[in-house]
Amino acid sequence: MQKIIFCAIIFFFAPIINIFAMQQNIKLIIDGINLENLSSPPIIINDSVVVPVRDVLEKFDAVLDWKQDSKELFITKDDLIILLKVNNKIANVNGEEKTLLVTPTIINEKLMVPIRFIAETFGFDVKWENSSVIISTEKSPTYDIDEDITTNDSITQITSIDIKNDQYIINANSKLDKITKNILDGNRLVIDIYNSELKLEKKEINVQDSFISKIRTAQNQIEPIKITRVVFDMYDDYPFDASISNDGCSIIVSFKNENTPSDLKNISCNNQTIILKKGSYNIDINNIIENDDYLGKKYEFKFPNDIEDVFGSGKYIIRNQFFSSIEIKGSMLTINENKILAYEITSDNENIYIKAVSPKEKYKNILVIDAGHGGTDPGTINGSVKEKDLTFNIVQKVIYLFNYNKNIKVYSTRLSDVKIPLEERIGMANEIADMFISVHINSAGTNTSVNGTEVYYYTNKNDSQNKFSSKTLAQTLLKNLVTNLNSANRNIKTESYVVLKKSNIPAALCEIGFITNPTEFKNLCSEDYQMKVAQAIYNSVISLLE
């Protein structure tokens, strides 16, 4: 009888949780951006704010691994691994137990987690102001604030950004008080505008000119002074100038391209074409050996013999949207790229022309294959065996199989044991590929009986424009995997994983088997079994693209 009463109480209060959440109207602000339209609103439970985990934590560039059977969530960022369990107040941070003020809980089929605990574990600053959780993930440079800058007087509004004659003009509706300029890691020019409020309709502008790929804006600080941040994503560490205009109502930003030939000779660059003046040097361009280190953003051309006598040795600085520089040493010419490129080599009586093209211009079909996890993100673990190593071994076998197929070009998101942010993985695929496949190994926690293969997909708006849908890709992969592996069919499932939701091309995530199941674990560690997995993926791609 008591159980019946308890269930009745839960049933009675379940809808109230929804109403309570809506009435709280809590804002979540990360790096000055108010996260709106979350799948579930932030709410307060036991004086702690809980948020929908997947919507929020991916903003931190964290890797999420949800185990449905054991109701466990692994959150990985850099060298930190946080383990949370539903309805359990004990969290595990790199093997050390921590007590939570509120347990992770599922509300309206959404996993809600305590945001302060996670953000502070990552070392982020967290503040509670005016019913808002304010999180800063990036430590701003320390500035000496001028004493004459006020915090209560009129606020300048940043209204537009114009691009004119190789200048970038940040416009305001009144005179600006103060700006600061800094270069951050990753070739980012950061301009902070004090006593200003962001009023741009578009917070991100894709540029892709000779100097920068993107301009991003955010309300970086609200209290005690409003600061608008404008970030220029540069291709290289360019010299720049950024100053307030004569009328005081705009900031003019410009970059300098310093082409310094160094010790090289008989070499020039015309936009996307590198021109080598042959002189008396005779060469069959068919004898040039190419090596594409696309993840290192390097492309190497090995000539049959030493070319230093003809072209010199050293570095030629270019710095445009295609290349940052060219290097020559011995018989090797290396192009340092600003993005993944392919090349077409032609020649005439006077010159050799190395023209950069997008991979899609050169290759008929392109697959990006993704080995799940990597580096400080091990994924699921059984003893000394880590998911990241199993997925890497499988992907290497997939690449091996495609080496013998000239109709399909394969790129991999990682070729070593490194951690790659999820957005970079799918961003790479969106830029160059026709199809994206991510390889993972499943886990069921302490339940060792769970087994089988499942494939995830997400229906996106571009499905109708592609050769086939993400769902078709998932169905094809599942069919071939189950057939090749003789594994249990756990069906295709839809899920809003970052690498699926943010894909513009057909994308699928394969959970090959369970590392927690003794039989499947043994199989997954077998070279022969890994090759069967690779063959199933290969067969799926061939059937869809050829």
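Which residues, counting only those in the range 53-112, are acidic (Asp, Glu), under 18 Å from GLY375 (Cβ atoms) and assigned to a helix (DSSP H, G or I)?
Of everything in the range 53-112, just one residue is acidic (Asp, Glu), under 18 Å from GLY375 (Cβ atoms) and assigned to a helix (DSSP H, G or I), namely GLU58.
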| Taking ASP209 and the conditions (1) closer than 29 Å to ASN320 by Cα; (2) out of contact with any Ser or Thr (no Cβ under 6 Å at 6 or more places or on another chain); (3) assigned to a strand (DSSP E or B), which numbered condition does it fall short on, given that it satisfies the others? | (3)
| Is there a residue being among the polar types (S, T, N, Q), assigned to a loop (DSSP other than H, G, I, E, B) and out of contact with any Cys (no Cβ under 9 Å at 6 or more places or on another chain) anywhere in the range 215-235? | no
| message | For the range 497-516, give me each residue that is closer than 19 Å to HIS373 by Cβ, not in a helix (DSSP H, G or I) and not hydrophobic (A, V, I, L, M, F, W, C). | response | TYR497, LYS502, SER503, GLU511, GLY513, THR516
| task | Could you please tell me which pairs satisfy a Cβ distance under 8 Å, a separation of 6+ or placement on different chains, a first residue in the range 419-448 that is on the phi < 0 side of the Ramachandran plot, and a second residue that is surrounded by fewer than 19 Cβ atoms within 10 Å (Cβ to Cβ) and among the hydroxyl-bearing types (Ser, Thr, Tyr)? | result | LYS419/THR376; ILE432/SER358; SER443/SER70; ALA444/SER70; THR446/SER70; ASN447/SER70
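Determine whether LEU478 is assigned by TED's automatic domain parsing to the domain that holds ARG425, touching a strand residue (DSSP E or B) at 6+ places or on another chain (Cβ under 6 Å), at pLDDT below 95 and assigned to a helix (DSSP H, G or I).
no
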| request: Would you be able to say whether some residue in the range 382-392 is crowded, with 19+ Cβ neighbours inside 10 Å, in contact with a helix residue (DSSP H, G or I) (Cβ under 8 Å, 6 or more places away or on another chain) and at pLDDT 95 or above? | output: yes
| said: Among (1) modelled with pLDDT of 95 or more; (2) loosely packed, with under 15 Cβ neighbours inside 10 Å, there is one condition SER496 misses while meeting the rest; what is its number? | reply: (1)
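Just to be sure before I move on: is LYS467 part of a loop (DSSP other than H, G, I, E, B), over 20 Å from LEU64 (Cα atoms) and at pLDDT below 95 in the structure I sent?
On the way: part of a loop (DSSP other than H, G, I, E, B): yes; over 20 Å from LEU64 (Cα atoms): yes; at pLDDT below 95: yes.
Yes, satisfied.
Let's see how each residue does on (1) over 18 Å from THR376 (Cα atoms); (2) assigned by TED's automatic domain parsing to the domain that holds VAL499; (3) of a type outside the set (D, E, K, R); (4) over 23 Å from the mean Cα position of the chain (by Cα):
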residue	(1), (2), (3), (4)
SER40	yes, no, yes, yes
ASP47	yes, no, no, yes
PHE60	no, no, yes, no
ALA91	yes, no, yes, yes
VAL126	yes, no, yes, yes
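The values are calculated or read from the model by the stated rules, or taken from the named source; none is laboratory data. What you see is a predicted model; the values in this text were computed from it and never measured. When we count neighbours, we look across all protein chains shown, and the Cβ atoms used for this are built from the backbone with ideal geometry, even at glycine.
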